[in-house]
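Right, one structure below, let's go through it.
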Amino acid sequence: MPRHVPIRQCVGCGAKRPKRELVRVVRTPQGDVVVDPTGRKAGRGAYICPSQECLELAVRSRRLQKSLDRDVTQELVAELARQLGTPAEE
Ligand SMILES: [Zn+2]
């Protein structure tokens, strides 16, 4: 029997990849949007490739906002970029 690998879709480029290759962004029950490196936080989540390109695409297309059902501020985008390990360009 094949091992079950959970697949998730990147809200940026739309690629379907194994969950562990993607970064989970979560809107917590408190309404904060944070990066969830463990993939275990409670809340509404979106998955994204760990790349600046996908982050920008996800925000510009508003797919990230839709997935989280919350608006995403520039500050948050910068914070996400930092946590993704790809600092945002000034
Ligand atoms: Zn992507």
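A few notes on this one:
- Total formal charge among the other residues, if their Cβ is under 12 angstrom from that of Arg8, Lys/Arg +1 and Asp/Glu -1: +4
- Helical mean residue ellipticity (222 nm; -39500 (n - 2.57) per DSSP H run of 4+; nearest 500) of the chain: -7500 deg cm²/dmol
- Value of Rg to Rh for the chain, rounded to two decimals, is 0.97; Kirkwood radius and Rg both from alpha-carbon coordinates.
- Taking Glu75, Glu53 and counting other C-beta atoms within 10 Å, the order from fewest to most: Glu75, Glu53
Read the figures in this text as sums done on the coordinates, not as results from a lab. Everything numeric in this text was worked out from a predicted model, so none of it was measured. Glycine gets a Cβ as well: all are built from the backbone with ideal geometry, and neighbour counts include every protein chain shown.
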